[in-house]
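Derivation of every value follows stated rules applied to the coordinates shown; laboratory data play no part. Since the structure is predicted, the reported quantities are computational estimates derived from the model, not experimental observations. Methodologically, a virtual Cβ is constructed for each residue, glycine included, from the backbone with ideal geometry; neighbour enumeration extends over all protein chains shown.
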Amino acid sequence: MPPGNIGYDDTPILPNFPYRVHDGNRPQPKVIAPPEPGKAPSDAVVLFDGTGLEAWEAVKGGPAGWDVQDGYMQVRPGTGNIRTKEHFGDCQLHLEWAAPEVVKGDSQGRGNSGVFLMGLYEVQVLDCYDNPTYPDGTTAAIYGQYPPLVNACRKPGEWQTYDIIWEAPQFDGDTLVKPACVTVLHNGIVVHNHTEPIGATNHRVVGEYHPHPPVGPLELQDHGDLVRFRNIWYRPLKGYDAE
Ligand code: MG
């Protein structure tokens, strides 16, 4: 019997689950510690805690060449994109970023970086505070495909958050059987709600899906601007009643 005799044993069985309605013997949701401000929750995989880039590598090979100071990493222009050594798939991803406080350039030339899920699908990082650009390249756009539902930018130099719920595309051989699906919150505001990218990110052409494994690295873009990142973690997405 469940502790304290909770639940019912005379109710109908739920469709799709081996449990009754209000079943007291159904597995209890695992207890976790939710994140303190600026910290990861207790069950997260921490990819960057502000101290070093051990979890990262340069996409062009060798160690990640970005600068780490005062609890954040900053693009070192010319060192190229960096990516996690770990590959993962469906996840809840959190990261914080800041565009340079000193405003320089305009449109795509102001505070440009990017968050590439699985190294292929870009959620744009850009300073679009009072900086118009093509809408599908705005801050938090699914680059080249979907503008954000709203522009929720903070001022350059201020820390901003992305919370991303990512479901990887699925392939059967060369055939796409399920597109990717992404929900994005920018500074706590929903800017994509269960949106299906039309393919991998590309520039000036329509994105396409090409078969790839169900896991991939998280990649951050060196677009030549001094963009900062901190507090990067993810939690694998699990189904109901998972151990
Ligand atoms: Mg970019």
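Side notes on the structure shown:
- Length released on extending from Val190 to Val150, taking residue separation times 0.36 nm less the Cα-Cα span: 13.6 nm
- Hits among aspartates and glutamates - C-alpha to C-alpha of Lys85 under 20 Å, sequence gap 8 or more where chains match: Asp43, Asp49, Glu54, Glu57, Asp67, Glu96, Glu122, Glu167, Glu219, Asp222
- Most fluctuating residue given options Pro35, Pro147, Pro100, as computed from a GNM of the chain linking Cα atoms under 10 Å: Pro35
- Ranking of Leu237, Leu126, Leu95 by count of other Cβ atoms within 10 Å, fewest first: Leu237, Leu95, Leu126
- Under DSSP loop assignment and at most 13 Cβ neighbours within 10 Å, longest chymotrypsin sites (Phe, Trp or Tyr not before Pro)-free interval of the chain: 9-239
- Sorting Ser107, Ser113 by the number of Cβ atoms found within 10 Å of their own Cβ, with the fewest placed first, yields Ser107, Ser113.
- Cβ-to-Cβ counts within 10 Å put Ile6, Ile165, Ile232 in ascending order as Ile6, Ile165, Ile232, the fewest first.
- FRET efficiency for Val205 and Arg76, using Cβ-Cβ distance with R0 set to 35 Å, rounded to 0.05: 0.75
- Comparing Cα centroids, region 30-97 and region 125-184 end up 18 angstrom apart.
- Full-stretch length increase - Phe17, Ile32 - with 0.36 nm per residue and alpha-carbon distance subtracted: 3.0 nm
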